[in-house]
Amino acid sequence: MQTPDHNKGFSSGEKAAAEIAGNEFLAFTLGKEEYGIDILKVQEIRGYETVTRIANAPEFVKGVINLRGIIVPIVDMRIKFNLGEPTYDQFTVVIILNIAGRIVGMVVDSVSDVITLNAGQIKPAPEMGTAFNTDYLIGLGTLEERMLILIDIDKLMSSAEMGLIDKIAA
């Protein structure tokens, strides 16, 4: 419980959850888990197509595609998060994201739907052994029997470990 003289304030996850309450999230799967990202960051959703490999790129960067004249790096989140050997089938999709004006593609196993969550449906992320640092989590979204791992895609894609986008000014 927080008191008025408590100097720590809210964690970034709690603040982020409060800020995005009532927003819509695009639900997608990676392995057996369901994730959600802010729908406003999604530019489009495409089927997976062959990419052009770039020499010396990290393994999780599958390569680039030419998207209507824009060269877009494609990141396979299954490789990035060590979720086993990725398979590419008819359900594999690329979510094209617009992060701070930079276009990035993210390969996921499938996309299901768009859900709206209110503040009461978003719980702070506990410290746990997830595939990635909890700094990149907004929280856990619950909707009936479903639980979505809500990702702060701005923070994740601009992180030093991804190295794709210059750090976004706070």
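Taken together, the values in this text are just the output of simple stated rules run on the coordinates, not laboratory data. Everything numeric here is computed off the predicted structure, so don't read it as measured data. Virtual Cβ from ideal backbone geometry, glycine too; neighbours counted across all protein chains shown.
Spatial offset of region 36-67 relative to region 84-105 amounts to 5 Å, using the alpha carbon center of each. For region 80-101, backbone nitrogen atoms closer than 14 Å to the point 7 Å from Glu44 Cα along Cα-to-C-beta are found at 94-98.
Share of pairwise Cα-Cα distances greater than 25 Å in region 35-157 is 24 percent (whole percent).
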